[in-house]
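This report refers to the structure that appears directly beneath it.
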Amino acid sequence: MVTEVRGKAVADKTLIFEMRESGAPMREIAEKTGISKERVRQILSRAMGSTKHKWLSTLQLCETTGLPRNRVLDLEEQGVISPVSNWSAGKRHYLLWPPESCRAIAQFYATHHLCRVCNKPLPKNRVLFCSYGCRQERHKYKYMTPEEKQRVLANIRRYREKKRLAAQVLIATAMPAGVTA
C-alpha cells in the first residue's frame, strides 16, 4: 500500500513540475492533482527553490515594457508577440508571455515610429500623429510647455484688456456730456 502512494506522489510531482513549467498557476495545479495550493507551493519551493516560473504575466510584461495592457493586447493581435499559455477562470482570461516578448516589443518600437499622443504605430502618410484627433488632442492647453502656457495667458490678458477699454469708450460716447455714471 505504501508503494502505491509513493508511486502516485512521484507521478504527482512530475506532473506538478511539468504543469508549472508550462505556465499553469498553482491553483490550477492543485485542482488537477487533488492537493491543496499550499502543498503545491511547498513541493515547488522544496524541489526548485522557488515557486516562480520563467513566464511573465500580462501585468509583469506591462510593468517591464512600460506599456498599458490594451497596447500589449494590440501587439498580440498584430502578431508582434504571442502568449505561451492562456486559460480562463470564470469571466477572467489570463495570458503568460515568454521573456523574449520584451525584446520583440523593444525591437518593434525601434523600427516603428509612434504617435506622440496614443503611442500607436504611425501610418505611412503621417509624421507625428496617427490621426487628426490625436493632433487636436496634442495641441490642447494641458500638453503645452510652461512657456507656451505663459504666452497663451498673456494673450488672454491682452484680449480682455482690449475689450474692457473698448467697452469704456463705448460707454463714454453713449452718455450725454453732463451725466456721470
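The values are calculated or read from the model by the stated rules, or taken from the named source; none is laboratory data. No experiment lies behind these values; they were computed from the predicted model shown. Reconstructed Cβ throughout: ideal geometry from the backbone, glycine too, with neighbour counts over all protein chains shown.
Kindly evaluate PRO146 against the criterion of being free of Cβ contacts under 8 Å to residues at least 60 places away in the same chain and within 27 Å of GLN60 (Cβ to Cβ). Walk me through it before giving the result.
Working: free of Cβ contacts under 8 Å to residues at least 60 places away in the same chain: yes; within 27 Å of GLN60 (Cβ to Cβ): no.
When the stated conditions are applied, PRO146 does not pass them.
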Original post:
Of the residues LEU122, LEU165, LEU153, LEU128, which single one is surrounded by 10 or more Cβ atoms within 10 Å (Cβ to Cβ) and in contact with a His (Cβ under 6 Å, 6 or more places away or on another chain)?
Top reply: LEU122
**OP:** State yes or no: is VAL117 without any contact (Cβ under 8 Å) to a residue 24 or more places away in the chain, surrounded by 15 or more Cβ atoms within 10 Å (Cβ to Cβ) and not assigned by TED's automatic domain parsing to the domain that holds MET19?
**Re:** yes
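Please enumerate the residues belonging to the range 120-131 that are in a loop (DSSP other than H, G, I, E, B) and either touching a residue at least 24 places away in the same chain (Cβ under 8 Å) or within 20 Å of the chain's Cα centre (by Cα) (or both).
We begin by selecting, within the range 120-131, every residue in a loop (DSSP other than H, G, I, E, B); these are 120, 122-131.
Within the range 120-131, LYS120, LEU122, PHE129, CYS130 qualify.
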**OP:** Mind listing whichever residues of the range 22-49 are exposed (fewer than 14 other Cβ atoms within 10 Å of the Cβ), modelled with pLDDT under 85 and charged (D, E, K, R)?
**Re:** ARG46
Original post:
Which residue, of GLY79, GLY133, is at pLDDT 85 or above, exposed (fewer than 12 other Cβ atoms within 10 Å of the Cβ), more than 30 Å from ALA24 (Cβ to Cβ) and not basic (Lys, Arg)?
Top reply: GLY133
**OP:** For LYS91, state whether it is modelled with pLDDT under 80 and surrounded by 14 or more Cβ atoms within 10 Å (Cβ to Cβ).
**Re:** no
**OP:** For the range 65-84, name all the residues that are in contact with a Pro (Cβ under 9 Å, 6 or more places away or on another chain) and under 17 Å from LEU96 (Cβ atoms).
**Re:** GLU76, ILE81, SER82, PRO83, VAL84
